[in-house]
Amino acid sequence: MSISDQSIMSEPSESGRFGEFGGRFVPETLVPACQELEASFREAWADPLFRAELDQVLKEYAGRPSIITECYQLGAKLGIRLVLKREDLNHTGSHKINNVLGQVLLAKRMGKKRIVAETGAGQHGVASATAAALMGMSCKVYMGAVDVERQALNVFRMKLLGAEVEAVHSGSRTLKDAVNEAMRDWVASVESTHYCLGSVMGPHPYPWMVREFHRVIGKEAREQCLERYGSDPDFVVACVGGGSNAIGIFSGFVDTKARLIGVEPAGGAAVGRGQPGVVHGMRSYLMQDEYGQVQEAHSISAGLDYPGVGPEHSYLASIGRAEYPTVTDAEVIEAFQLMAKTEGIIPALECAHALAWITREAPKMQGKTVLMNLSGRGDKDVGQMMEILG
Amino acid sequence: MNTSNLLPFERELRAKRDAGRKLLVPYVTGGLSGWTDAIRAAAANGADVIEIGLPFSDPVMDGPIIQEASQRALDDGATPISILEGVRTLDVDVPLVVMCYYNTVHHAGHERFASQLVQAGIVGAIIPDLPLEESGPWCAAADAVGLATIMLAAPTAPDDRLPRVCARARGFVYSVGLLGVTGERTELAATASQLAGRLKKVTDVPVIIGVGVSNSAQAVEACKVADGIVQGASVVRRLMESGPDAVGAYVAEVRAAIDAG
């Protein structure tokens with residue numbers, strides 16, 4: 001398939017496939033719910049009234065459009081033009097709110113009363129709790145026990161917002177296990193409950209629907225770059241766990257000549273080190289052992305501690321349209337401090353992965369324009385960094 | 001009806017059902033300490049089929065008991081290969097089926113996995129995260145080697161879906177007893193008998209209720225509508241707490257209860 005193919009980043013196939021990735025591998029109990037969700041989303045997304053309602057809440061509540069910021073000091077230091085898409089400035093401090101407002105509006109339209117969500121770093125959990133509070137729905141968030149510990153502030157934030165937070169003690173006690181537990185809840189509560197999945201993963205229609213809700217990132221950034229610089233960037237860089245912020249910004253540039261770079265943590269490199277597998281409802285690259293047991297991801301950032309990746313990323317990698325390099329925790333810690341000191345912006349540890357790649361590869365990008373998705377702010381990580389840096 | 005095209009496994013279950021026997025299907029997590037003796041005990045005490053779980057790292061359809069059993073088995077080094085080797089040594093007279101999550105199948109490869117099962121003497125497979133729409137490639141591989149794919153039917157299925165699920169089912173239809181994951185409950189959910197009743201109206205394949213049938217009294221209640229029951233968490237808990245003999249005693253108790261009606 002050629003890169004100019006119009007089908008890239010449009011609708012997946014009828015079976016929810018992006019190439020050979022995606023699908024709907026869920027217990028039979030959930031099949032009708034996934035079918036209903038797909039039909040409801042399709043109908044709502046084609047309805048100008050739903051789109052207007054979502055646009056309004058994104059503008060008046062989330063604070064969209066988010067700005068772009070050029071990093072003059074850091075850019076000069078690295079020999080590149082470094083531009084940030086400031087998703088960290090959205091209400092609740094990350095890009096996650098785009099998807100959550102869309103899904104909760106949709107759930108309400110579908111007559112659901114309750115939201116369940118999984119969270120890693122807590123950003124999606126906070127966003128879900130926020131949207132549930134705004135729209136008068138009850139909310140339960142599953143979070144790995146390890147993450148509950150290292151993201152205590154976000155746990156308290158969710159509780160303040162009226163959500164119930166349940167620590168998950170099974171398996172690796174991180175994001176993948178929180179997804180398992182949220183799915184188990186949904187299997188038991190599917191008639192009243194919407195599963196507000198936090199990334200471009202899971203069974204069809206989630207990878208497609210969540211991408212559409214984040215498409216706004218790339219659309220705005222494309223327009224902003226054109227207006228400001230008169231051209232598209234040479235590189236578009238984002239961190240990848242499940243991959244929602246990366247998909248959002250890539251979607252605006254997939255039909256340009258920009259190189260699309262999704263940066264994975266070295267300890268959670270699904271695309272880089274995984275093989276195709278099936279877990280959490282989708283066929284995608286997955287870190288697994290020789291018998292197909294899913295391996296645990298290890299990274300400094302809870303939000304990227306995920307052994308899989310959204311199926312559309314697997315597809316973009318397989319056709320060579322996007323690249324998925326890795327960075328180490330040590331590089332991330334450096335990048336985190338560098339952005340704080342040179343630009344006065346404390347990034348989320350997740351986004352520091354994208355910056356770590358940029359600083360490492362800058363010598364090969366001299367004079368180029370590099371757009372980075374700053375998908376979240378780092379307030380939540382300050383406690384953890386305080387311990388690491390002593 | 002003409003049953004000559006059916007797999008021998010399904011013919012046997014239908015014959016027992018038609019003779020008035022309720023089918024008892026204990027579940028044992030493969031690789032869990034004492035699992036082979038538990039299977040022998042279940043076979044000796046009235047099981048009609050035994051379901052062997054291949055433990056998976058991310059068992060989304062399982063509740064706390066089978067999650068724990070799976071984790072223990074994995075921690076002890078159990079693999080699909082080691083469990084199938086154990087199966088070959090069992091020498092029991094009861095048909096054996098496996099329950100496994102789809103990545104175990106996908107990773108091994110459909111054809112390879114199907115032939116590994118057949119070589120170990122397994123006659124059927126239950127794959128709870130492989131719904132009808134995604135089941136084509138696996139079913140083709142299983143059909144080719146005479147392995148039964150036991151389809152699950154769920155209470156959430158609309159009426160027009162059930163005949164399609166049943167048409168693809170071989171051996172028996174696994175009628176999911178409630179909205180939820182495996183585990184013991186204080187009462188049999190109303191959905192259990194409702195779904196089994198809906199299935200009985202559209203299929204002649206034996207209908208067996210699993211998930212949430214937690215003791216002999218619930219088994220009797222479920223068997224008023226269904227052709228049989230799976231006993232999962234209640235068996236596995238006894239194996240973890242008390243060992244294989246307790247499994248044998250429990251299977252005998254359920255057998256006697258459903259035979260008495």
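Separation of the stretch A:236-275 from the stretch B:6-62 is 45 Å, based on Cα centroids. Note on the stretch A:1-133: the C-alpha convex hull projects to 11.7 nm² when averaged across all orientations.
Summed over all non-identical Cα pairs, the Kirkwood treatment of the stretch B:195-249 gives a radius of 12.1 Å. Helix A:31-45 axis versus longest C-alpha principal axis of chain A: approximately 60°, rounded to the nearest ten. Anyone know which of A:Ser66, A:Ser192, A:Ser94 comes out most mobile in the 10 Å Cα GNM of chain A? The residue with the greatest mean-square fluctuation here is A:Ser192. Put a dot 7 Å past the Cα of A:Lys257, heading toward its Cβ, do the same for A:Glu20, and the two dots end up 3.2 nm apart. The lysines within cross-link reach of B:Lys201, meaning a Cα-to-Cα straight distance under 20 Å and a gap of 8 or more places when in the same chain, are B:Lys16, B:Lys22, B:Lys224. For the stretch A:159-290, what percent of Cα pairs sit more than 22 Å apart? Cα-Cα pairs in the stretch A:159-290 separated by more than 22 Å: 49 percent. Within the listed set A:Pro203, A:Pro12, A:Pro32, the Gaussian network model of chain A (springs between alpha-carbon atoms below 10 Å) gives the highest mean-square fluctuation for A:Pro32. Of the residues B:Leu195, B:Asn45, B:Ile126, the one whose Cα sits farthest toward the positive end of the charge dipole of the stretch B:8-260, with +1 on the Cβ of Lys and Arg and -1 on the Cβ of Asp and Glu, is B:Leu195.
An oblate overall shape is assigned to the stretch A:259-386, the ratio a/c of its alpha-carbon gyration tensor axes (a ≥ b ≥ c) being 1.5 or greater and a/b not exceeding b/c.
Principal axis analysis of the Cα atoms in the protein assembly as shown yields extents of 83, 49, 49 Å, listed in decreasing size. In this entry, chain A is assigned a mean projected area of 17.5 nm², taken as a quarter of its C-alpha convex hull surface. Placing unit charges on the Cβ atoms of the charged side chains and taking the dipole of the protein assembly as shown about its Cα centre, the candidate lying farthest along the positive direction among A:Met137, A:Val179, B:Thr149 is A:Met137.
Arranged from fewest to most other beta-carbon atoms within 10 Å of their beta carbon, A:Ser10, B:Ser216, A:Ser244 become A:Ser10, B:Ser216, A:Ser244.
Taking every alpha-carbon pair under 8 Å whose residues sit at least 6 apart, chain B reaches a relative contact order of 23 percent. One way to sum up the overall shape of the stretch B:8-260 is the equivalent ellipsoid from its Cα gyration tensor, whose semi-axes run 23, 22, 17 Å, largest first.
Shielding value for B:153-161 is 4, the average number of Cβ atoms from other chains within 10 Å of each residue's Cβ. A cut-off of 5 Å between modelled amide H atoms, ignoring neighbours fewer than 5 places along the same chain, links A:Met372 with A:Val83, A:Leu84, A:Lys85, A:Val237. Stretching A:Glu290 away from A:Ile388 to a fully extended chain increases their span by 31.9 nm, per 0.36 nm per residue minus the current alpha-carbon distance. Label sites at A:Gln275 and A:Lys341, each approximated as a point 7 angstrom past Cα along Cα to Cβ, lie 4.4 nm apart. Assuming charge only on the beta carbon of Lys and Arg (+1) and of Asp and Glu (-1), the dipole of chain A about its Cα centre is about 660 debye to the nearest 20. Placing a pseudo-label 7 Å from each Cα along the Cα-to-Cβ vector at B:Glu111 and A:Ala46 gives an inter-label distance of 4.1 nm. A simple packing score, the average count of other Cβ atoms within 10 Å per residue, orders the peptides B:53-61, B:104-112, B:219-227 as B:53-61, B:219-227, B:104-112, with the highest score first. What the Cα atoms of the stretch A:70-132 give is an Rg and a Dmax of 16.6, 53 Å. Taking all Cα pairs closer than 8 Å and separated by 6 or more residues, the relative contact order of chain A comes to 20 percent. Taking R0 as 56 Å, what's the FRET efficiency between A:Leu153 and B:Asp159 from their Cβ-Cβ distance, rounded to 0.05? Efficiency, rounded to the nearest 0.05: 0.70. Derived scalar couplings between HN and Hα for the stretch B:87-92 equal 4, 4, 8, 5, 6, 10 Hz in order, rounded to whole Hz, by the Karplus curve 6.51 cos²θ - 1.76 cosθ + 1.60 (θ = phi - 60°), x for Gly and Pro. Expressed as a fraction of 2.2 N^0.38 Å, the C-alpha radius of gyration for the stretch B:170-261 is 1.05. The stretch A:62-90 and the stretch B:187-261 have Cα centres spaced 61 Å apart. Taking amide H as placed 1.01 Å from N in the peptide plane, B:Gln231 has its amide H under 5 Å from the amide H of B:Val25, B:Tyr27, each at least 5 places away in sequence or on another chain.
GNM on chain A, C-alpha springs below 10 Å: top fluctuator among A:Glu87, A:Glu264, A:Glu14? Of A:Glu87, A:Glu264, A:Glu14, the Gaussian network model singles out A:Glu14 as fluctuating most.
None of the figures in this text is laboratory data; all of them are computed from the coordinates on show. The model shown is predicted, which means the values in this text are computed figures rather than measured ones. As a convention, Cβ positions derive from the backbone with ideal geometry for all residues, glycine included, and neighbour counts pool all protein chains shown.
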